1. Got a sec? Which of Leu49, Leu29, Leu109 is touching a residue at least 60 places away in the same chain (Cβ under 8 Å), aliphatic (A, V, I, L, M) and assigned to a loop (DSSP other than H, G, I, E, B)?
2. Go through the stretch 261-280 and give me each residue that's at positive phi and under 14 Å from the mean Cα position of the chain (by Cα).
3. Kindly indicate whether Asp90 is within 21 Å of Tyr139 (Cα to Cα) and either among the acidic types (Asp, Glu) or part of a loop (DSSP other than H, G, I, E, B) (or both).
4. Against the condition over 20 Å from Val37 (Cβ atoms), outside any helix (DSSP H, G or I) and either at pLDDT below 85 or not small (Gly, Ala, Ser) (or both), how does Trp224 come out, does it pass?
5. In the set Glu210, Glu284, which member is open to solvent by 30 Å² or more (accessible area, probe 1.4 Å), modelled with pLDDT of 90 or more and either in a loop (DSSP other than H, G, I, E, B) or of a type in the set (Gly, Ala, Ser) (or both)?
6. Select from the stretch 386-401 the residues that are open to solvent by 60 Å² or more (accessible area, probe 1.4 Å) and outside any helix (DSSP H, G or I) and write down the one among them that is modelled with the lowest pLDDT.
7. State all residues of the stretch 160-186 that are open to solvent by 40 Å² or more (accessible area, probe 1.4 Å) and either more than 22 Å from Gly42 (Cβ to Cβ) or at pLDDT below 75 (or both); if no residue qualifies, say none.
8. If you check every pair at least six apart or on different chains, which have Cβ atoms under 6 Å apart with a residue in the stretch 303-320 that is under 17 Å from Pro358 (Cβ atoms) first and a residue that is open to solvent by 20 Å² or more (accessible area, probe 1.4 Å) and outside any helix (DSSP H, G or I) second?
Amino acid sequence: MMDRAHNVVELIPYNDEWPARFAAIAAQLSAAIPDAVIEHVGSTSVPGLSSKDTIDIAVGVEDMSAVLEPRVLEQLRDLGFIYAPASFADDPEHAFFARIVDDHRTHHLHVVLRGSATWDEYLLFRDFLHAVPEARERYEEAKQALARQHAQHRSEYVDRKLAVVDGLLEQARVWSHSRTSAAAASGAPSPWQDASLAALRRNLPEAEVEPYGSVLVPASMDSWSDLDVSVRAGETFHLETALGSRIWAYQAVQDERQQVVRTVLEDGRRIDLGVTGAEVLLPEPPEDNAVRFDAALAAVRFGRGSDLIGLHLVLGIFRESLVHRMLAADRSASTTHHRTATDEDRRAADGLSLLSSPLAPATARAVYDHYGAVRAEVDPTFLPSPGGLEAVIARGRACRG
């Protein structure tokens, strides 16, 4: 079936419907690959660029083998995506699918390991073209010239275009490095808030997405700042798909007016959303979701010198550790009534030294580690996951020298 797609190269002007077409198929893909991060990439994701009328989609996963299971392949086939194992055969971290309707490639699906070089390049190239008009214009001119030269030979067009893309990627890496270095040298916050806001608007093309809070007053921001966003949407959406990232921890509250979701992403970004008009679909919370969220918040408070609130938060985590100590005591004695001291009583003060001065973001990490170790003693199946907390701390320190 893959050979049915024609070889003609036909570029058309940017179509305002392309983001909506991506959003529609992304929602279906989220059901087939629920733990994936789904991004709109390629020329159809960049306003102003001409393109073949084919939506390019990057799907970031943690386990390639899970996507290639027969059950998942069948679900993708039901959506019209045909697996092409010969494509990118030399890269075990890249699986390619094409959706072909009436001899026309409507979608390309690139499933890659999230955090791999390929994944990073897809996002970097797109963001670079969004941010740098001169690069976007050079790419447009090169594509038009190649399309004229190889109008009847799609494979030749693609091969020649890859050389152009490689050159632009080199410039994109320099651009990305210079932005990061300039922010670090000046002590200014990273521009991740702007990029995250752009991604939300791109992934929710029919919604009204507006920032509020400190991001509107740059002078009030620091390296620990989050992003506050108001979203008015008409249809239900998956939050991880909208954010373009996996959520490490979250806190969600629903009232009569709106749904408020405060997130900590695996890459350390903190984004708070107030959503009206539609339901937000959230991932299944991790076992220690509340502890994770409080640990991230504590790290931020300590990073800003707000030791009172930071200590209040980590004391709550330490209290949860004591709860698991009590469960261990109940299990070892086979009773919830203890008239005499147990081994757990003698270990009750373990970890208190973590709360001594000087308090710092590392205190939050240490207390989370202590909680994880105590809980794992009671439940050996429990696996602490400090990655999101480490990322929060790394982001906060990045611009502080």
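1. Residue meeting the stated conditions: Leu49.
2. Residue satisfying the conditions is Gly268 alone.
3. No, not satisfied.
4. On the way: over 20 Å from Val37 (Cβ atoms): yes; outside any helix (DSSP H, G or I): yes; either at pLDDT below 85 or not small (Gly, Ala, Ser) (or both): yes.
Considered against the rule, which asks whether it is over 20 Å from Val37 (Cβ atoms), outside any helix (DSSP H, G or I) and either at pLDDT below 85 or not small (Gly, Ala, Ser) (or both), Trp224 comes out as yes.
5. Exactly one residue qualifies, and that residue is Glu284.
6. Restricting to residues being open to solvent by 60 Å² or more (accessible area, probe 1.4 Å) and outside any helix (DSSP H, G or I), the top hit is Gly401.
7. Residues satisfying the conditions are His177, Ser178, Arg179, Thr180, Ser181, Ala182, Ala184, Ala185, Ser186.
8. Asp307/Leu359
The values are calculated or read from the model by the stated rules, or taken from the named source; none is laboratory data. Quick caveat: nothing in here was measured; it's all calculated off a predicted structure. Cβ sites come from the backbone with ideal geometry, for glycine too, and all protein chains shown count toward neighbours. Only protein heavy atoms, including side chains, enter the accessible area calculation; ligands, DNA and RNA are left aside. Shrake-Rupley method; radii C 1.70, N 1.55, O 1.52, S 1.80 Å.
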